[in-house]
Amino acid sequence: MSNVMSKYIHMNGKLVPFDEAKVHVLSVGITYASTVFEGLRGYWNEAEQQVYVFRLDAHCRRLMESMKLLRMEHRFTEEDLAASVLGLVRANELREDAHIRQLAFVEGIGPIGTSGPVGLAVTATPSYRLFDSEKGVACAISSWRRISDDCLPPRIKCVANYQNGRHAFVQAKLDGYDSVIMLNSRGKVAEGPTMCVFLVRHGQVVTPAISSDVLESITRATVIQLFEEYHGIEVVEREVDRTEFYVADEAFFCGTACEVLPITSVDRHPVGDGRVGALTGQIQTTYNSIVRGVVPDHAEWRTGVYRG
Ligand code: PMP
């Protein structure tokens, strides 16, 4: 098969060849989308000949929380989840940047309330990047509203949630934009389809609060901490209006996949002078050096695959 992306996929405790990682079509993870997941990045550090998985513990913890919120009947521990990631990257002999995905799904066949058994699949493939993070993206505000905590909680990283982001993203692409920001049901800014959003105005860095119907993003938390520790800036977490982006000096997305991604226009209003903002560039540099382990700080956020 031409789309083989790695040697192995981890399926329920076993390493199986890429083409053989199969799930029954009637499993509730497919029929009713009872599937939760995590996306992680592994960063190749050339000097240390090492792949560092970024914030592995935080991703495993969030996967446990997602399974809890979906009332999945499973027996995994955070340690099991972490070990399966490290074992797979090693088995695939990846010595480059990697994209890693953990999927937990109701493997049982049955009616909508079926909660087990729960299967675990992990993939680790060479990494890809959808956007040019040096150039930035032209963004629309979507007419599709973000799902809310009282209907399909965005806090959970459930695959069903992604249809909401996909509606907005595909529409924005058809309309000629690179990406999109969604408002929540209260008309306040929420997030992008797979990323959180920040703006800078009058020197203040602002991001929608965790109660604005956003995923509890690990990158968002990382960026907030790095702004404080490395740039002396306390990020303000609050409700954000759409028009604040029209008059912002800078704006950017963040997430595991897009890392720090500058936004250069919103609804065709140039953000600042329409180029990558100064603070955006600085936090991008700080983030990139931490995740890859170019600087020794925050070693606790990086798990080396090829040691112990
Ligand atoms: N929001 C949504 C809807 C996402 O899918 C993601 C990607 N996981 C993010 C934000 C960013 O989250 P994280 O930093 O944990 O990758």
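Quick note: the coordinates plus some simple rules give every number you see, no bench work behind them. The structure presented is a predicted model; accordingly, all values stated were derived computationally and were not measured. All Cβ positions, even for glycine, are placed from backbone atoms using ideal geometry, and neighbour counts span all protein chains on display.
General remarks:
- Footprinting exposure proxy for Glu107, Glu229 (fewest neighbouring C-beta atoms within 10 Å first): Glu229, Glu107
- Debye equation applied to the C-alpha atoms of segment 1-62, log10 I(q)/I(0) at 0.27, 0.29 Å⁻¹: -1.15, -1.12
- Solution diffusion estimate, µm²/s, Stokes-Einstein, segment 69-166, Kirkwood Rh from C-alpha pairs, 4 °C, viscosity 1.567 mPa s: 78
- Average Cα contact separation per residue, segment 152-308, under 8 Å, 6 or more apart, as relative contact order %: 18
- Cα-based reach from Lys22 at 26 Å (exclusive), listing lysines while leaving out same-chain residues under 8 positions away: Lys7, Lys14, Lys68, Lys157
- Cα-based convex hull volume of segment 199-308 per residue, rounded to whole Å³: 116
- Put in line by how crowded their Cβ is, counting other Cβ atoms within 10 Å and starting with the fewest, Phe76, Phe105 read Phe76, Phe105.
- Going from the residue with the fewest nearby Cβ atoms within 10 Å to the one with the most, Val235, Val223, Val36, Val170 rank Val170, Val235, Val223, Val36.
- For segment 175-261, the spread of Cα coordinates along the three principal axes comes to 38, 28, 26 Å, biggest extent given first.
- Computed on the chain, with alpha-carbon pairs under 8 angstrom and 6+ residues apart, the relative contact order is 19 percent.
- Radius ratio Rg over Rh of segment 80-122, counting only Cα atoms, Kirkwood formula for Rh: 1.15
- Among Pro296, Pro262, Pro117: highest mean-square fluctuation, GNM of the chain, C-alpha pairs under 10 Å: Pro296
- Of Arg55, Arg201, Arg155, the one that fluctuates the most in a GNM where the chain has Cα springs shorter than 10 Å: Arg201
- Temperature 37 °C, viscosity 0.692 mPa s: under these conditions the Stokes-Einstein estimate for the chain, based on its Kirkwood radius over C-alpha pairs, is 163 µm² per second.
- Simple spin-label estimate for Met5 and Arg307 in nanometres, 7 Å along Cα-Cβ: 2.9
- Point-charge dipole on Cβ atoms (K/R +1, D/E -1) for the chain, about Cα centre, debye to 20: 700
- Spatial offset of segment 18-37 relative to segment 265-290 amounts to 38 Å, using the alpha carbon center of each.
- Candidate lysines - alpha carbon under 25 Å from Lys135, same-chain residues fewer than 8 apart omitted: Lys173
- Cα long-axis angle, helix 56-69 against the chain (0 to 90 degrees, to the nearest 10): 80
- Distance between segment 136-157 and segment 158-234 - C-alpha centres, whole angstrom: 8
- Relative to the longest principal axis of the Cα atoms of the chain, the long axis of helix 162-174 lies at roughly 50 degrees.
- Largest-first principal axis extents of the Cα set of segment 1-143 (Å): 49, 44, 34
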